[in-house]
Amino acid sequence: MPTTKPCLSCRRPRRPGQYLCRACWFKIPGPARSALNQRDSRAMARLRELHSQLSACVPLCEITIAA
């Protein structure tokens, strides 16, 4: 069984390959979730945007990610 890592937001367990736990993921606005789901050359930059905003304590409902 794969080990679980903590959610980047609430520290609860999250599934492998996911950035956040399910509860936190659905608190992020739809456009931001869509941007984070894109797998292209800017995917890592968008992930860094998410990490930066989480580190700055931006509320999940206010997170924005550039497409």
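The values are calculated or read from the model by the stated rules, or taken from the named source; none is laboratory data. Because the structure is predicted, anything quoted here is derived from the model rather than measured. Just so you know, the surface numbers come from the protein's heavy atoms only, side chains and all, with ligands and any DNA or RNA stripped out. Shrake-Rupley method; radii C 1.70, N 1.55, O 1.52, S 1.80 Å.
Residues that are open to solvent by less than 50 Å² (accessible area, probe 1.4 Å), of a type in the set (Val, Ile, Thr) and on the phi < 0 side of the Ramachandran plot are absent from region 4-16. Residues of region 20-67 that are open to solvent by 50 Å² or more (accessible area, probe 1.4 Å), within 19 Å of CYS7 (Cα to Cα) and in a loop (DSSP other than H, G, I, E, B): PHE26, LYS27, ALA56, CYS57, PRO59, THR64.
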